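In what follows, a structure is listed as structure tokens, so that the remarks can point back to it.
The values are calculated or read from the model by the stated rules, or taken from the named source; none is laboratory data. Nothing here was measured: the structure is a model prediction, and the numbers come from that model. Glycine also receives a Cβ, built like all others from the backbone with ideal geometry; neighbour counts cover every protein chain displayed. Surface accessibility is based on the protein's heavy atoms, side chains included, excluding ligands, DNA and RNA. Shrake-Rupley method; radii C 1.70, N 1.55, O 1.52, S 1.80 Å.
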Amino acid sequence: MAEQSSGKVSMEKIVSLCQRRGFIFPSSEIYGGLSSCWDYGPLGVELKQNIKQAWWRAVVQERDDMVGLDASILMHPQVWTASGHLKEFADPLVECKSCHLRWRTDEVKGSTCPSCGGELTEPQLFNLMFKTFMGPVESEANVVYLRPETAQGMFVNFENVLNTTRKRLPFGIAQMGKAFRNEITTGNFIFRSREFEQMEIEYFVRPGTDDKWFDYWLEERHKWYINLGIKEGNLRLREHARGELAHYARKCYDIDYLFPMGWSELEGIANRGDFDLQQHASFSGKSLTYLDEETNQHIVPYIIEPSAGVDRSLLAFLCDAYDEEPDKDEIRVVLHFNPALAPVKVAVLPLSKKETLAPLAREVYAELRPCWLVQYDDTQSIGRRYRRQDEIGTPFCVTIDFQSLEDKQVTIRERDSMNQIRVPITELKNTLAAKLKGEPLFVLPPGGQVWKVEREE
Ligand code: ATP
């Protein structure tokens, strides 16, 4: 049986939750879907934004040595010659002579087709880049490619960034955005798709200091996942063997996550040496060097590249947060998201739909909405509404009851423990802000009180 990341979650459960609650849908579903392309629904898009925002804050906004970039997806075709993608970014494929299915050679054992047993052709290289044409004429001269990685945008802008920011080594450029690969073997939901998003860093260092910075970034990136709630035991670092290294890499480690289908790559950290700047200098004729202020010599910096996938991170955060608990005769499904990632931060729930509660509940809702994504829900029993919020990972529910009309207090119910405190409405916003940043539930504001610590009805 495949190893499971939390002992409770299978890929089927994650896919079903994502579809049921509006995280992720198959692309163009009403037409039967498009293989290995996915659409992020109302909750999925929030989760994705939160992941990207957490990454951007950590690697750009909170650092002096990093700047951001947003390069275009279509680039000069020479970029892909210089980078080696036109020659090297290919998988060897064999084709079945009877059913015409194509297989990656590493998927085939023996010399017959795994599907029908037919005879296979000799392996041929298949380039994974999507091709299209620039302008109205569909000729070889007008071919451009959808980028298969965001990295090249940062290498070709090295000089622009250097000249405009006056950064000194070591410094880095970060970029996130779409990438496209015509993958042969797709599957495992959003783990490997043909259109996906990357979050990449190119960190430029003095040659000779590259090993130190490689270790630094490996640790930083590993910590980032743990700080956002991934269980340490579900992560591992795996060094690439010599024969496995990409053509540009001197050294590479994968940060693997224990997905439902087993250990698989979440992020790669590579020491790319001076390969990229040398290649682009030679193909463009521009000198992509750095004037070293210490030696007054022009040097070609080495590059350390932490390259993460947005979609794979999202899948890992989902799998890691997923939990099922016995709940009377039912099962309580909870996503224990870190509050920074949770799509909805707070739900406002009037205890009953009665007209008398609505004005105060709406007032509370209006006060919280400018601060976070807040949902208002007055349908069905309070227990069912709590379960609905648990299932999408909302950290806090605020309940307005009949007593609230008299004492102007409301209850805050915590997702993970289901414990409750009661706080004056005047203290609500500040209290929620503190709890969303990690303050324990039972640290009470003035006038607050512990409310219920037993399970709710
Ligand atoms: P794999 O071996 O799993 O195909 P890779 O080594 O080719 O991945 P890189 O080229 O190192 O991947 O890309 C960096 C990151 O981009 C990966 O760690 C992953 O998170 C993400 N990524 C790459 N290909 C895909 C894909 N087809 N679908 C989703 N994410 C991807």
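Values as computed for the structure displayed
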| item | result |
| --- | --- |
| Subset of the range 44-72 (residues that are farther than 26 Å from Gln19 by Cα, of a type in the set (A, V, I, L, M) and out of contact with any helix residue (DSSP H, G or I) (no Cβ under 9 Å at 6 or more places or on another chain)) | Val60 |
| Some residue of the range 77-93 being exposed (fewer than 13 other Cβ atoms within 10 Å of the Cβ) and in contact (Cβ under 8 Å) with a residue 24 or more places away in the chain | yes |
| Ala347, sole failed condition from (1) within 30 Å of Glu220 (Cα to Cα); (2) in contact with a strand residue (DSSP E or B) (Cβ under 8 Å, 6 or more places away or on another chain); (3) of a type outside the set (Lys, Arg); (4) open to solvent by less than 10 Å² (accessible area, probe 1.4 Å) | (1) |
| Top-ranked residue of the range 11-60 - restricted to ones that are surrounded by 17 or more Cβ atoms within 10 Å (Cβ to Cβ) and of a type in the set (S, T, N, Q), ranked as modelled with the lowest pLDDT | Ser36 |
| Selection from the range 263-279 of residues that are open to solvent by 10 Å² or more (accessible area, probe 1.4 Å) and more than 10 Å from the ligand (Cβ to nearest atom) | Trp263, Asp274, Phe275, Gln278, Gln279 |
| Selected residue [open to solvent by less than 70 Å² (accessible area, probe 1.4 Å) and within 27 Å of the chain's Cα centre (by Cα)] from Phe126, Phe191 | Phe191 |
| Qualifying residue in the range 243-262 (condition: more than 16 Å from the ligand (Cβ to nearest atom), touching a residue at least 24 places away in the same chain (Cβ under 8 Å) and either among the aliphatic types (A, V, I, L, M) or not in a strand (DSSP E or B) (or both)) | no |
| Inter-residue pairs, beta-carbon under 9 Å, first farther than 15 Å from Gln375 by Cα and in the range 342-359, second open to solvent by less than 10 Å² (accessible area, probe 1.4 Å) and of a type in the set (Ser, Thr, Tyr), 6+ apart | Leu357/Ser404 |
| Subset of the range 128-158 [within 14 Å of the ligand (Cβ to nearest atom) and not charged (D, E, K, R)] | Leu128, Met129, Phe130, Leu146, Pro148, Thr150, Ala151, Gln152, Met154 |
| Some residue of the range 223-239 being within 13 Å of the ligand (Cβ to nearest atom) and surrounded by 21 or more Cβ atoms within 10 Å (Cβ to Cβ) | yes |
| Of the criteria (1) crowded, with 17+ Cβ neighbours inside 10 Å; (2) more than 16 Å from the ligand (Cβ to nearest atom); (3) at pLDDT 95 or above, which one Arg63 fails | (1) |
